[in-house]
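Below is one structure, written out as structure tokens; comments come after it.
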Amino acid sequence: MKFVGHFITITKHRHLVIRYCARVGLLWQGLRHDLSKYSPAEFIVGARFYQGDKSPNEAERAVYGYSKAWLHHKGRNKHHFEYWTDYNPKIKTVAPVEMPVRYAAEMLCDRIAASRVYRGAAYTDAYPLEYYLRGKDRRIIHPKTGALMEEWLTMLAEQGEQATLAHVRQLVKHEKNR
């Protein structure tokens, strides 16, 4: 049953992201969203650690101290801020890099969809911001990307999905035209 539950959860999530990406002008990007979750490296582990109400990566981390599936996933999906790190020769260590708007927009769509899937009927437009703020102090994200995400999630909480996605669509359109 974990296999089926995991498949249904990731597919439902992916379909929501596709819908949100289409609304912000990134349909093709949405269609490619999270395809690596169906690869053996991620799917088998995801099914084994499936819980239904949160990411299976958390359960894998509890057992091994890290998540091999997450390491695979974040290295292949540009909508994760963890993808956007590189060696910075000025400070001589790995540091966050600013995300292009198109991937930050997909990250927003991803966050809304994940919140809807995991929260179900308890979802509110304020929840993605609450979730984001809970991890803010521990997150290694470029300051501009973090500020942008917080701005969009605050807008979502205060003005709702329609206004937020319309605003993000304009920013994505502007970036495409540069």
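The values are calculated or read from the model by the stated rules, or taken from the named source; none is laboratory data. None of the values given here were measured: they were computed from a predicted structure. For neighbour counting, all protein chains shown are included, and Cβ atoms are generated from backbone atoms with ideal geometry for every residue, glycine included. Only protein heavy atoms, including side chains, enter the accessible area calculation; ligands, DNA and RNA are left aside. Shrake-Rupley method; radii C 1.70, N 1.55, O 1.52, S 1.80 Å.
Residues in segment 31-54 that are closer than 20 Å to Leu108 by Cα, without any contact (Cβ under 8 Å) to a residue 24 or more places away in the chain and open to solvent by less than 80 Å² (accessible area, probe 1.4 Å): 1 in all. Is it fair to say Trp70 is out of contact with any Ser or Thr (no Cβ under 7 Å at 6 or more places or on another chain) and within 24 Å of Glu130 (Cβ to Cβ)? Against the criterion (out of contact with any Ser or Thr (no Cβ under 7 Å at 6 or more places or on another chain) and within 24 Å of Glu130 (Cβ to Cβ)), Trp70 qualifies.
Here is a list: Ala69, Ala105. Which entry is small (Gly, Ala, Ser) and over 24 Å from Glu175 (Cβ atoms)? Explain how you work it out, then say what you get.
Values: Ala105 fails: over 24 Å from Glu175 (Cβ atoms).
The unique qualifying residue is Ala69.
Among the residues that make up segment 107-127, is at least one of them under 20 Å from Trp84 (Cα atoms) and of a type in the set (Val, Ile, Thr)?
Step one: list which residues in segment 107-127 are under 20 Å from Trp84 (Cα atoms), which gives 107-111.
Those still in the list that are of a type in the set (Val, Ile, Thr) too: none.
No: segment 107-127 contains no residue that is under 20 Å from Trp84 (Cα atoms) and of a type in the set (Val, Ile, Thr).
The number of residues in segment 55-79 that are surrounded by 18 or more Cβ atoms within 10 Å (Cβ to Cβ) and not charged (D, E, K, R) comes to 9.
Name the residues in segment 135-178 that are within 25 Å of Asp86 (Cα to Cα) and loosely packed, with under 11 Cβ neighbours inside 10 Å, would you? Within segment 135-178, Gly135, Asp137, Arg138, Pro143, Arg178 qualify.
For segment 108-131, the set of residues classified as open to solvent by 20 Å² or more (accessible area, probe 1.4 Å) and either under 21 Å from Gly25 (Cβ atoms) or touching a Cys at 6+ places or on another chain (Cβ under 8 Å) (or both) consists of Arg111, Arg116, Asp125, listed by residue number.
Of the set (1) more than 16 Å from the chain's Cα centre (by Cα); (2) under 30 Å from Gln170 (Cα atoms); (3) without any contact (Cβ under 8 Å) to a residue 24 or more places away in the chain, all apply to Gly25 but (3).
Lys2 falls short on exactly one of the conditions (1) over 17 Å from the mean Cα position of the chain (by Cα); (2) at pLDDT 95 or above; (3) over 19 Å from His80 (Cβ atoms), and that condition is (2).
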